[in-house]
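Notes follow the structure.
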Amino acid sequence: MSATPPIIPARMKGLNRAEICDRNFSEFVENWAGAVAAAPTDDAPVLPGSACSAADFRALFESQLISRHLDLMARVLRVQNKVFYTIGSSGHEGNAMVARLTRHTDPAFLHYRSGGFMAERFRKLPGMDPVMDSALSFAASQDDPASGGRHKVWGSKPLWVLPQTSTIASHLPKALGTAVAIEQARRIGHVLPIPDDSIAICSFGDASANHASAQTAFNTASWTAYQKLPAPVLFVCEDNGIGISVKTPSGWIAASFSQRPGLDYFYADGLDLANGYAQVARAVEHCRRTRRPTFLHLRTTRIMGHAGTDFEIEWRSIEELVALEATDPLLRSAHIALASGLMTRAQVLALYEATRKRCFAAAEEADRRPKITTLAEVVRPLAPYTPDAVAAEAARAGDSERRLSVFGGEARLPEKQPPRHLAIQINNALHDLFCKYPETLLFGEDVAQKGGVYTVTKGLQKSFGGKRVFNTLLDETMILGLAQGFASMGMLPLPEIQYLAYFHNACDQIRGEACSLQFFSNDQFRNPMLVRMAGLGYQRGFGGHFHNDNSITALRDIPGLVVGCASRGDDAAMMLRTLAALAKVDGRVSIFLEPIALYMTKDLYEAGDGLWSTAYPSPDQALTLGEGRVYAPEQGDGSDLVIVSYGNGVPMSLRAARTIANTHGWSVRVLDLRWLVPLNADWIVANVRGAKRIVVVDEGRHSAGVGEGVITALAEAGLGNVSMRRVVGVDTYTPLAGAAFLVLPGEADIATAAAGLA
């Protein structure tokens, strides 16, 4: 039975639609005059033929009402500045069925219209209050158990709901990654923090299903299923037919997904608990039993607009709004409650008003709770760092017997070998990390049998097997989504992004998802990972822009991220140990930027000198985050000129320093930053103070590199009166062949800058 569209008098057409939906429910119940059946027992179907029992229905109906009244409360109190979020769940309350039919240990990545789901999942553990917890989040209270008042999110550590902000499908890749990780754990012998037969739940809207981030997850799910690899993810598309104001073509979701290979499609009526319950149950059971990607097309509607600021009456006809409001799932649920004999009209209305009272009381209490008032508290969970613990972990040696086996005996340990170039020492360091951390996984494009396009991962798959070192499809968004999934399940992912230029199409997986999780979960959830990324320029003109990308600012603008960039092999090994320790101890997300042009570089000043090959540091040696390297001059204290650089700029600066010393008779020292994010301003200032002149060599672009951060640090430390120059890349893409060196800094440019300071 569907609800009859209410007749809205002309005097009510200008009212707030939330008020109208509120009145609709009460009037529907008051005027209901249908036949009443004998009340069912708790374990009997709520209506004949329904898979939803009376007990199931009663709980679901209460969860729906909680969700609705949280929405209504938010609309009222927002204008009083007691609530700071009004994107509601009205019309989507049927997602409570998904929560009831899954477990609280099934990791959930939720659409923002998930009030019903959350209210129902709260029933899974005793002593939890969905109303108070939600009210604290709406009020941005410091007592909010999900985010600590940093954002209105649906999240809960004990209920395994990983918080999202207003995502546009960017959470789908990591949800699929979590499903893959659940199965991967079994293959590598890793103990999961959840039951082995768990599934990952991921909900989103019909409009978001069209987004590139969503499509990459669907494609990867199909790609995975095609190879018969388990990936138990339940994609829940809550189809309300509209995205803000853009309508989804009728039938589009079914047409697009019902026949998609490798994605098992189920439909459920989310507007009708009695009818939709069995449909949702079939999808959940199928996903858990088959371990296959499952697509649940859940019919919903959207009433009361996209958010409190969306006045639909301004762009939709009154007739359309009235018809839409007649599909309100709470009207159908009220009918079921009454027709089944489970509740009387008075009982339904009493429950409705009691729920309203409960939500407003919680909101008033939440408004009295403390808010975040200091900057320190805002940023506290963003980038946790415990230096002593990180240092101890970084210097902790791994399994010595395993090392001997992997490297082939005592005499073949890397620290006993002659000096090697950067690529080999990174490779040795990766082998060491795999020995030290059995939960480590390395994956990406071409990293397995081939060993990467520059052979940096050569031999890892042979030593540690295809379960720990494996190729992925060519999709950086999904590579980083997989990394987040593995991280959430307690593993240590080392994804490889083949080139810095390839990162930009997937940047939001780090910026909007991986690095934001600690912040928006109040450090309750973490994404510990170490992303390896080849990049920067100077490949002798090979490859043009995509293989000589110097867009470093794309990394420097990500809150909470750590970025290291080694220019030589020993530094690389010690930095990798520190970055892995940061992940293990503090849950940090980091990127290790590897200068491609230095991978195979052995010499510094002249061919055959071997001065850019380094010995491998023993496993107990590591670097401190922010600790740079000082290259002292052969004579003097280096105060005549200090050159600050990183990556390719370091050997270039050392060669230029020799030329400058011979030309001007200056004592020149060179600083290698090594850590690009965060810049260690104190270290920079301490090692520059007293210099007569400063040159900053930055292979990033003039308008967006690292150099401006160095100059700012110096100026803020009161060194602005020292003569300074920047030697930087040009604001352009890198061209092919010899023209590349016209846009990148060179040794002659450094010498010219120094001469300008003479």
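Derivation of every value follows stated rules applied to the coordinates shown; laboratory data play no part. As the structure is a prediction and not an experimental result, all values here were calculated from the model. FYI the Cβ positions are ideal-geometry reconstructions off the backbone, even for glycines, and counts take in every protein chain you see.
Ile201's amide H: which non-local residues (gap 5+, or another chain) put their own amide H closer than 5 Å, with H modeled 1.01 Å from N in plane and none for Pro or chain starts?
Amide H to amide H, under 5 Å and 5 or more residues apart or across chains, Ile201 pairs with Ala108, Phe109, Leu234.
Quick check of the Kirkwood formula: for the range 362-441, what is the inverse mean of 1/r over all pairs of different Cα atoms, in Å? Could the numbers behind the result be given before it?
On the way: mean 1/r = 0.0595 Å⁻¹.
Computed over Cα pairs of the range 362-441, the Kirkwood hydrodynamic radius comes out at 16.8 Å.
Can you find, among Leu192, Val29, Tyr265, the residue sitting farthest towards the positive end of the charge dipole of the range 25-378, where Lys and Arg contribute +1 and Asp and Glu -1 at Cβ?
Leu192
Between Ala411 and Ser703, what is the label-to-label distance in nm when each label sits 7 Å out along the Cα-to-Cβ direction?
Once both label points are built, they end up 6.0 nm from each other.
Over 36 Å, how big is the tail of the calculated P(r) for the range 25-378, in percent of all Cα pairs? Kindly include the intermediate steps, with their values, before the conclusion.
On the way: 12008 of 62481 pairs.
Counting every Cα pair in the range 25-378, those more than 36 Å apart make up 19 percent.
Work out how much length Ala38 to Ala255 would gain on full extension: take 0.36 nm times their residue separation and subtract the Cα-Cα distance, in nm to one decimal. Before the final figure, lay out the partial values.
Numbers: separation 217, 0.36 × 217 = 78.12 nm, distance 4.13 nm.
Additional length available on full extension: 74.0 nm.
Any chance you could run the full-extension gain for Asp557 through Asn721? It's 0.36 nm times the residue separation minus the Cα-Cα distance, nm to one decimal. Intermediate values should be presented prior to the final figure.
Working: separation 164, 0.36 × 164 = 59.04 nm, distance 2.80 nm.
Working it through step by step, the gained length comes to 56.2 nm.
What is the helix-to-structure angle for 649-664, meaning the angle in degrees between its Cα long axis and the longest Cα principal axis of the chain, kept from 0 to 90 and rounded to the nearest 10?
For helix 649-664, the angle is close to 30 degrees.
Taking 0.36 nm per residue of separation and subtracting the Cα-Cα distance, what length does fully extending Lys450 through Ile188 add? Write out the running numbers ahead of the final one.
Numbers: separation 262, 0.36 × 262 = 94.32 nm, distance 2.18 nm.
Length gained between Lys450 and Ile188: 92.1 nm.
How big is the antiparallel share of DSSP beta bridges in the range 629-756, given as a percent to the nearest 5? Each step should come with its number before you reach the end.
Details: 5 of 20 bridges.
Percent antiparallel among DSSP bridges in the range 629-756 is about 25.
Compute the angle between helix 345-368 and the longest alpha-carbon principal axis of the chain, please, reported from 0 to 90 degrees and rounded to the nearest 10.
30 degrees
Taking R0 as 51 Å, what's the FRET efficiency between Phe546 and Thr373 from their Cβ-Cβ distance, rounded to 0.05?
On the way: r = 47 Å, r/R0 = 0.92.
Step by step, r from the Cβ atoms, then E = 0.65.
In the range 710-736, which residues have a backbone nitrogen under 14 Å from the label point lying 7 Å from Ala681's Cα in the Cα-to-Cβ direction?
710-720
What pairs in Lys152/Lys247; Lys174/Lys602; Lys82/Lys584 have C-alpha atoms more than 32 Å from each other? Let's see the in-between values first.
On the way: Lys152/Lys247 26 Å; Lys174/Lys602 40 Å; Lys82/Lys584 39 Å.
Violating the 32 Å limit, Cα to Cα: Lys174/Lys602; Lys82/Lys584.
Ordered by packing density, taken as the mean number of other Cβ atoms within 10 Å over each peptide's residues, highest first, how do 43-56, 474-487, 505-518 rank?
Working: 43-56: 17.7, 474-487: 26.1, 505-518: 21.9.
In descending order of packing, they fall as 474-487, 505-518, 43-56.
Quote the FRET efficiency, to the nearest 0.05, computed for Gln227 versus Ala59 with a Förster distance R0 of 30 Å and r equal to the Cβ-Cβ distance. Write down the numbers at each step before the final one.
Numbers: r = 40 Å, r/R0 = 1.32.
E between Gln227 and Ala59, to the nearest 0.05, is 0.15.
Over what distance in Å are the Cα centres of the range 566-627 and the range 156-192 separated?
Their Cα centres are 31 Å away from one another.
So for the range 387-598, taking the charge dipole from beta-carbon charges (+1 Lys/Arg, -1 Asp/Glu), which of Pro414, Phe434, Ser516 sits furthest toward the positive end?
Result: Pro414, furthest along the dipole toward the positive end.
Calculate the spin-label point distance for Phe84 paired with Thr732, positioning each point 7 Å from the Cα along the beta-carbon direction, and give it in nanometres.
4.6 nm
Under 5 Å between amide H atoms, partner at least 5 residues away or on a different chain: which partners does Val469 have, H built in plane at 1.01 Å?
Those lying under 5 Å, H to H, from Val469 are Leu442.
Given R₀ = 35 Å, FRET efficiency for Ala354-Glu320 by Cβ-Cβ distance, to 0.05? Please report the intermediate quantities before stating the final value.
Working: r = 33 Å, r/R0 = 0.94.
Between Ala354 and Glu320 the formula returns 0.60.
What are the ³J(HN,Hα) values, in whole Hz, obtained from phi via the Karplus relation 6.51 cos²θ - 1.76 cosθ + 1.60 with θ = phi - 60°, for each residue of the range 195-204 in sequence order, with x given for Gly and Pro?
So the J values, rounded to whole Hz, are x, 4, 9, 5, 10, 9, 10, 9, 10, 6.
Once the cut-off is 12 Å, how many percent of the Cα-Cα pairs in the range 688-737 end up in the long-distance tail?
Values: 776 of 1225 pairs.
Percentage above 12 Å: 63.
Which residues' amide hydrogens lie under 5 Å from the amide hydrogen of Ser114, considering only partners 5 or more residues apart or on another chain, with H built in the peptide plane?
Excluding prolines and chain starts, which carry no amide H, there are no hits.
About the Cα centre of the chain, how large is the charge dipole given +1 on each Lys and Arg Cβ and -1 on each Asp and Glu Cβ? Please answer in debye to the nearest 20. Before the final figure, lay out each step's value.
Numbers: 74 positive and 77 negative charges, 133 e Å.
It comes to approximately 640 debye.
Of all DSSP beta bridges in the chain, what percent run antiparallel (nearest 5)? Please list the in-between numbers first.
Values: 13 of 70 bridges.
Once the DSSP bridges in the chain are tallied, antiparallel ones form about 20 percent.
Suppose we take every Cα in the range 387-598 and form the convex hull; what volume per residue is that in Å³? Walk me through the numbers on the way to the answer.
Values: hull volume 24.3 nm³, N = 212.
Per residue, the Cα convex hull of the range 387-598 comes to 115 Å³.
Enter the angle in degrees (range 0 to 90, nearest 10) between the Cα long axis of helix 172-188 and the first principal axis of the Cα atoms of the chain, meaning the one along which they spread out most.
Once rounded, one gets 70 degrees.
Along each of its three principal axes, how wide is the spread of alpha-carbon positions in the range 117-251, in whole angstrom units, largest first?
For the range 117-251, the Cα spread along each principal axis is 46, 45, 23 Å.
Using a simple charge model, +1 on the beta-carbon of Lys and Arg, -1 on the beta-carbon of Asp and Glu, nothing else, what dipole does the range 25-378 show about its Cα centre, in debye to the nearest 20? It would help to have the intermediate numbers written out before the result.
Details: 36 positive and 36 negative charges, 201 e Å.
Result for the range 25-378 is approximately 960 debye, rounded to the nearest 20.
Report, largest value first, the span of the C-alpha coordinates of the range 74-157 along each principal axis, in whole Å.
Cα extents, longest axis first: 37, 27, 20 Å.
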